[in-house]
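Heads up, the thing below is written out as structure tokens.
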Amino acid sequence: MIKAILIFNNHGKPRLIRFYQYFAEDMQQQIIRETFHLVSKRDDNVCNFLEGGSLIGGSDYKLIYRHYATLYFVFCVDSSESELGILDLIQVFVETLDKCFENVCELDLIFHMDKVHYILQEVVMGGMVLETNMNEIVAQVELQNRMEKSEGGLSGAPARAVSAVKNMNLPEIPRNINIGDINIKVPSLSPF
Amino acid sequence: MALKIVKGSIDRMFDKNLQDLVRGIRNHKEDEAKYISTCIDEIKQELKQDNIAVKANAVCKLTYLQMLGYDVSWAAFNIVEVMSSSKFTFKRIGYLAASQCFHEGTDVIMLTTNQIRKDLSSPNQYDTGVALTGLSCFVTPDLARDLANDIMTLMSHTKPYIRKKAVLIMYKVFLKYPESLRPAFPRLKEKLEDPDPGVQSAAVNVICELARRNPKNYLSLAPLFFKLMTSSTNNWVLIKIIKLFGALTPLEPRLGKKLIEPLTNLIHSTSAMSLLYECVNTVIAVLISLSSGMPNHSASIQLCVQKLRILIEDSDQNLKYLGLLAMSKILKTHPKSVQSHKDLILQCLDDKDESIRLRALDLLYGMVSKKNLMEIVKKLMLHVDKAEGTTYRDELLTKIIDICSQSNYQYITNFEWYISILVELTRLEGTRHGHLIASQMLDVAIRVKAIRGFAVAQMATLLDNAHLLTGNTQRNGICEVLYAAAWICGEFSEHLEDPMQTLEAMLRPKVATLPGHIQAVYVQNAAKLFATVLQKHEGETDSQAAQETSQLLIDRLPLFVQSANLEVQERASCILQLVKYIQKLQQKNVEVAEEVTALFAGELNPVAPKAQKKVPIPEGLDLDAWINEPPSESESEDEKPKAVFAKEEPKHYRSRNTEVDEKELARRREVRKQEQANNPFYIKASPSSQKVYDAPGVEHIPVVQIDLSVPLKVPGMPMSDQYLKLEEERQQKEKAERKKKEKKKKREKRGKGRKADSGPESEEDITPAQHVDIVTEEMPENALPSDDDDKDPNDPHRALDIDLDKPLADSEKLPVRTHRPEVLKSPAEDRVSESVPPETKKKSSKEKKEKKKDKEKDRKRSKEEKKKKKKHKEVEEELLESQPEEPVQSEETKEAAAPPTSTSAEASDLDFWLSSAPVPPAAQEVTVPSSAVETSSAAVPESEPDEPKDTEPEDTKSSKHKKKKQKKEKEEKEKKKKKRHHHHHHHGEAGGEDSVQNGTVEEEEPLPPMSNYSVLAENSFIKMVYDIQGNHQDESKVVVSIIFENKSDSFLKSMEFNVLDSLNSKLQRPEGAGPHDGLTVPFQLPPGVSNEARFVFSVQSIVMPQKLKGTLTFIVKSDESSTHEKLDFKLHFTCTSYLITTPCYSDAYAKLLESGDLKGSSLRLEGINMPFHHLLARICFHHHFSVVERIDSCASMYSRSIQGHHVCLLVKTSDQTVSIDAKCDEPSLLGNVLDELKQTFSKC
């Protein structure tokens, strides 16, 4: 079981949090801080598993994380999950984001937290892995987006237009900070 | 209207959307909180609008704010509103918000049930999908119960997208509503072979998750999983299955044998590291499970270790980490194979990655031997010095202590070395583990007698240099060590070289800065030292020195008398007075030393940590009984000040108890020993430990070879190293000696916990430097051996420990979709059911107890209603085959309809599969006939578990070979089983279940078996017993169940049942039948067999009991002849039979009584000498009541008639007299019920 999925940046700012077990909001923030503290002090060339984290889990739980450019993707899992499997799953998730957002960068996650959630929901459900096949995930996400668009129809048009205008003057968004080399792979892991 | 919509959407253009909010927050970095609070105000405004799009937008923003740590639960209702929007776009936003912030305590969740149900059955698969995803995050026990059936239906949805989600969410449903597991399991199992790989993977996922917690229930799935493992190509699925096998093998070693080969193949063939790693892990699990039985799997171990070595040597840190992790599993059973890789592991200790270092440390724990302990610890000590960062250093420290103290100090050959290590560890700055070191010092000094002299010397030095430890306030953790040092010096002061110096050290003014509990030990042990010093001086007749010592104490102790710490103060003032008195005596030249030492005489034995827990409660001692009756409430107020004081004192005790009171304990123990010695009934413990100590042969152990001129070091200088050298020399010397002598001395076993032959053989030659007399820990006599207190009673998975192989009972089914689960309509009769009693209506209100009752009620009721409900919904199709629609229903058909997954078939399948040749497809083919044979006797399943398992495969095999003789035998066996089964039916099932339902069983003595069936009529051919029960659905119908038992040797057929209707009660006959026609009993009875039939009667008034005359006609057919027979009977409809067990909650009950609509009556029963809970159980069982509340020997009970009369009882008992006060809205009914109650108890 996956107990929590956290995405935060190099400064510990949360970009997505998904707990599969209830924690009150302040506890959630504390967990994020603790996890960031644990993860951020590790070099990039050490292993991606981390025991401990007193707030979340216990002896049966592990933090499995990956660091892409400015973002940390942290999964807290128990012993029923395969460590390398989860590492791969993170990779699948990030690659899916890359496909859905077309060259994903941190800003996509910042401004479209809801969409990231919808994508994640096709990968993990209720703490259990739902789908590991990237094409299937992307297909489902796109079908749902298409449905949303068709529902929007005419009444959604003005809002979309306004939003497009608003986005037009966004000089501060540099599109080129992408998430970094997402092709780092665990050696000799065959894709699912 | 249209204008309004347009206006709404134009307004919306200028609302902030999520992107605007994010942008705004980013632009207000300085006053973020303020900005967000204005945004929240805006959101609140938006939520007030009618436009759902505006609301959804607001909710979306809230979801973002929730991530930033803002509590948004205040908007829960709005979230529900958005969830129920008909548009997918908004629905999705709503469900996302709900999944982020709803939890079991969110009360609006109750409102979502119907909305979720609607979405689940939506024609749009994405509506369903979004609802499932959301539900998976916030499912509650209520939702799980109400929706389980809907979700189960979705498991067979046409779209794989929905199927896989439905399958996955079932796990959450099981967790919240364990009763759903058994009914849903067959379908879940089906999904393992779903054509869609995603669904398959989800099913594997769920079953693995279930099986991980309760593996034994899933053993029977092993063949199926084995097939999947050999056929699947999905690595994710393979990993899960292989992990599952890892959990199953410990339970079934034969499974392990079967697995080794395919797993080894996978290890060789796969290119995926993740899969390889899990294979290795499972092979290890298999090897562990086989370790006792099969010695020749060394090839597999070698393969694993070799693969792991490759992983550890890999440059990828992840693989290194996992390699070490898996290695530690092998270590437990095959330490030797791992020990050969010691170099590699020690190398990992130097790794820059802390995770890896920690793993390597874990491994070290298992790799030490007597030979290498010192070396390894030396290396660790080096790391301690180097380590920066206290966490890792503390980890090292605990590991060193763990390693050394493991299995009762098994690997320590030289305790002097160990003590020096401990002393060296005290130099660590800022460690949290001072108490750990201290307890080790105490433990070693107490339990290893030979080391005491050395330990005392070291501790004295420590005390002398206490300023080094306490100088820095940051090093506070370590001053705990002084606690141990002071105690050891005091307790074993006879070993001190210069007690006077130590005494002085302990009374330095600086001591007053130490924590209170340490000071207390100082003071107490100063007194012990004082006694020793006195004795010494008096021995030398140096009265001058003795008096000086007394003076020293008198000078220094006042400092402690002023201490703010109560314990210190008390001890100090006691001792001060004592010393003053002694001084007086000394001035008169009286010899006091002996008397003073007597104060502290006595030997101390260590007590096992669990000893206290294991003291059995003596017979006849009731710990819950009051010693003095508690004062009434009014009194207690006056006594409040007293109570406060009394409360505070134990608190004080607790904090000291564990640490300080050792001396106190010793004293008490001494007193107890004295008492015991005087008590002729007390069996004294044999002083075995002393014996070993004095045993001959001790002298031969080369204690002398250690040059005790090993200087007493000033702490701060590492000294443990020299032991390493010494040890080497000693070992060499010993070897040489031994060679010369060629004499083998048998080592005696020391200490209980030590395993003589656990280490490698070469170790046997190492004799310890000291005679290590490890005193075994004391346990109370009659200690209870078992302690199962490791299990966490709160683990939700405990509830899922359910036997899945048993066939489904009729009562087990998911609540079917209805408005209120209690009100189960009977569509067959197309009646509008009457409303439930008011108290059950509000069942949605919390309290688990209530739910439980509901469930129980459902279960019970469903027994009767099965036949009516059965056409109701899809579940039924699964559970039951179609049955005749007539009101008469036979038990036979029910049983035949049980799903074919009978225990026996499963069990034999598994056995067969495990014992057969390793070709899986062949094995499975063979099992088909065997299961067919088994299912032919489908009526037997319940008695099956009684059969010894081992006979099963034989049976199936023999039947396969069709040897007639054996077949015959088997048939006989089945017959027997059948008989047993029926016996079981009346008593076990009916009695047991009902009594449990009423909640009276608790932990009291077991109830005698009860049966509601009473004899209807009997002759030489047939016996009829019957029971009458009503149900809520129909206020004018009761069901009479009659069991017909054939007592003759002939066949009974053409049974016809008829009664003479009265005006009030009529037998329901099928349409078209005349009012006097009999009903055919739908079965025939072979000799010795019994079966049950049910007949429905309609009644009008239920306030009076009724008797109906009737006849049963049947044909007795034997080999030569057949005769018509007839049996008359009288059906007695008691008023009780119109009552239905209905749970009632105490508040509703109270209201009912207050309402004043009920009329009372009462009853007294004399000479009842059965336990109260039996009495209650009887009332519940025979008269269909339920207990509302029970307080001691008083209980309130409730029942309800089929026509809605409330019957309340208040049952009180004292000395064989039972008084029952009853209330009911119908006095004559009440009177009759009371009469019947009286009758029930007059019978016994």
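For this structure, a couple of remarks:
- Among the GluC sites (Glu not before Pro) found in segment B:14-64, those both in a DSSP coil and sparsely packed, with 15 or fewer other Cβ atoms within 10 Å of their Cβ, are B:Glu30.
- Order by protection proxy (mean Cβ within 10 Å, highest first), peptides B:210-217, B:616-623: B:210-217, B:616-623
- The string of couplings for segment B:202-207 from the Karplus curve (6.51, -1.76, 1.60, θ = phi - 60°) is 5, 5, 4, 4, 5, 5 Hz, one whole number per residue in order, with x for Gly and Pro.
- Per-residue mean of C-beta atoms belonging to partner chains within 10 Å, peptide B:409-419: 0
- GluC sites (Glu not before Pro) within segment A:8-103: DSSP coil, no more than 11 neighbouring Cβ in 10 Å: A:Glu102
- Within 10 Å of the Cβ of each residue in B:315-323, the mean number of Cβ atoms contributed by other protein chains is 5.
- Across A:Lys3/B:Lys61; B:Lys1047/B:Lys1117; B:Lys189/B:Lys243, pairs whose alpha-carbon gap is larger than 21 Å: A:Lys3/B:Lys61
- Here is the result for segment B:470-561: no trypsin sites (Lys or Arg not before Pro) lie in DSSP coil with at most 16 other C-beta atoms within 10 angstrom of their C-beta.
- In terms of other Cβ atoms within 10 Å, B:Cys489, B:Cys279, B:Cys101 run from fewest to most in the order B:Cys101, B:Cys279, B:Cys489.
- For segment B:415-601, the tally of Lys pairs with Cα-Cα distances below 26 Å comes to 12, considering only residues 8 or more apart or on different chains.
- Anisotropy class of segment B:1014-1133 from Cα gyration tensor, a/c 1.5 cut: prolate
- Look at where the Cα atoms of segment A:72-93 and of segment B:301-353 average out, and the two centres are 22 Å apart.
- The Rg/Rh ratio for segment B:1139-1242 is 0.93, where Rg is the radius of gyration of the alpha carbons and Rh is the Kirkwood radius.
Read-outs throughout are calculated quantities, based only on the coordinates presented, and are distinct from any laboratory measurement. Predicted model, so just to flag it, every value in this text is computed and none were measured. Here Cβ is always computed from backbone atoms with ideal geometry, including for glycine, and neighbour counts include all displayed protein chains.
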